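The values are calculated or read from the model by the stated rules, or taken from the named source; none is laboratory data. Just so you know, these numbers come straight off a predicted model, no measurement behind them. Virtual Cβ from ideal backbone geometry, glycine too; neighbours counted across all protein chains shown. Calculation scope for accessible area: heavy atoms of the full protein, side chains included, ligands and nucleic acids excluded. Shrake-Rupley method; radii C 1.70, N 1.55, O 1.52, S 1.80 Å.
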Amino acid sequence: MSRLSDRAFHILQTEIQNCASNDAAGQVQKEIVLRRLERLRSQMGVPVAEAELCQVISDIFPEFSHKAIKQALRANRPPGIWSKVKLVTVTTVGVVGGIYVLNLPFPMIRIPVAKVAPFLLFPSYLSMDHNYRQAISLVEQSDQLVNRATSSADISLGGEKVKLAQTHLDALPVWFLGYSPRTYCGFFQCGWRFTLDEFETARKSIGRMEAKVFQEQNAQTQLGASDKALNTAKQEYQQAKASAAKADAIADWQMALDQLQQVPSATLAGRMAQTKLVASQRDFEQVTGFAAGSARTDTLMNAGMQLALRAAQLGQNSPHQAAKWEQIVALWEDAVTQVEQASLADPGYVASRSLLADYKKNLAIVRIRLEAERDSAAALEAAQRTTRSFLASATRENFSTDRGYLLSELQGIRDQLGKVQPGTTAYAEAQALSQSAQKKLQQLQP
């Protein structure tokens, strides 16, 4: 390695020409310094140091630029490891980029390159060979998993294989069919020697399997929903205590069986559904057979519930007139009569007794309300008659002579009004009359 590199020499040479004058003395000085630098340039060894370089130049050109010397010293340094790495990186990227462009899947680029320098297309050959082998293998795996599936796991895995096969088929350019590079295939076993018909057949097969996977997944979803509904209905029936709840569970059970029958029979899920349907229908028939034995009790209880519901609706927003309470009592009596007809041998007999106890309790309550309404109405009517008699006899002339009689009459009115019970239709009017009578008593008292 020379002590002064060419680049550093040219930097110093340029600055010397700037410093030297144009006369004969200046030209001589320039030649002396350049010969010194040429001597350093021809010497091999350690790069020249700053002190030595300054000594070579400064005795002739004291005003020589120190900045130029620093620049020359930097240019004179040997290339470091990072410079080499940078050079190698740039070169590698350039080569790789060029090869990438030449390997683009365009016939107008690849065919000329294949004729002149086929070795540059080696990455494409490897990719084509890999994609073809993977596509053929994945098509076979997909066909086995999808068209000969034995479980939902096969369908799921088959769907993944179908997607991978489609990816590798898409990576194979159509123009490569029937094309095999002689140089590459001379060293390796080329695997892509198949026709356009075979290529199209593979793509159509993948398309059909992709559609079948979609149908199978939908059928599996439908089977899962039906199976869940079936298990829920069974659990609801087992946990149901009342006949109405059991009837609802049986209805849900039947609906789940209907959903199970609707799973497409051409799918794996449909075949699994048919097997499950046989066992489920057998269990359902056993349950419905037992339920038929309790149908009479359920009918009686349902009839009683309807009557009780109507009675409860009529009883809302009380108070009511006695006639309406009589209708409510009659409905509760009919509900009790219906539930009482349940036989001891019926499966729902125990439940009917509990319901009967509630209905009798409600019947007793509404009878009390009816009696209170009747008594209150009668008390109000009596108080009103007494009030009318009192008003007819109470004149200004006898206020002073018959004060005791009038006080007795008013007290009797208040006593009659006190018999009117709260929660009855007569209570509000009775309270108003009672307050009026109280005012009259206060006026008559001395």
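Let's see how each residue does on (1) modelled with pLDDT of 70 or more; (2) open to solvent by less than 30 Å² (accessible area, probe 1.4 Å); (3) touching a His at 6+ places or on another chain (Cβ under 8 Å):
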residue: 115; (1), (2), (3): no, no, no
residue: 125; (1), (2), (3): no, yes, no
residue: 131; (1), (2), (3): yes, yes, yes
residue: 134; (1), (2), (3): yes, no, yes
residue: 141; (1), (2), (3): yes, no, no
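Any idea which residue in the range 224-241 is modelled with the highest pLDDT, counting only those that are among the basic types (Lys, Arg) and assigned to a helix (DSSP H, G or I)? Among residues in the range 224-241 that are among the basic types (Lys, Arg) and assigned to a helix (DSSP H, G or I), the one modelled with the highest pLDDT is 228. On the basis of being in contact with a strand residue (DSSP E or B) (Cβ under 9 Å, 6 or more places away or on another chain) and either modelled with pLDDT of 80 or more or surrounded by fewer than 14 Cβ atoms within 10 Å (Cβ to Cβ) (or both), does residue 83 make the cut? So residue 83 does not fit the description; no.
Any residue in the range 339-365 that's within 18 Å of residue 240 (Cβ to Cβ) and of a type outside the set (S, T, N, Q): show its pairings with residues that are open to solvent by 80 Å² or more (accessible area, probe 1.4 Å) and not in a helix (DSSP H, G or I) at Cβ separation under 9 Å, as long as the two are six or more apart or on different chains. Within 9 Å, the pairs are 351/241. Just to be sure before I move on: is residue 352 touching a Ser or Thr at 6+ places or on another chain (Cβ under 9 Å), farther than 30 Å from residue 378 by Cβ and assigned to a loop (DSSP other than H, G, I, E, B) in the structure I sent? In short, no.
Being touching an Asp or Glu at 6+ places or on another chain (Cβ under 9 Å) and not charged (D, E, K, R) is a property that does not hold for residue 335.
Against the conditions (1) surrounded by fewer than 16 Cβ atoms within 10 Å (Cβ to Cβ); (2) on the phi < 0 side of the Ramachandran plot; (3) modelled with pLDDT under 90, residue 300 satisfies every one except (1). Within the range 1-59, the set of residues being under 14 Å from residue 69 (Cα atoms), open to solvent by 40 Å² or more (accessible area, probe 1.4 Å) and among the hydroxyl-bearing types (Ser, Thr, Tyr) comprises 14, 58.
Filter the range 422-446 down to residues that are open to solvent by 80 Å² or more (accessible area, probe 1.4 Å) and not basic (Lys, Arg) and give me whichever is modelled with the highest pLDDT. Here the residue is 422.
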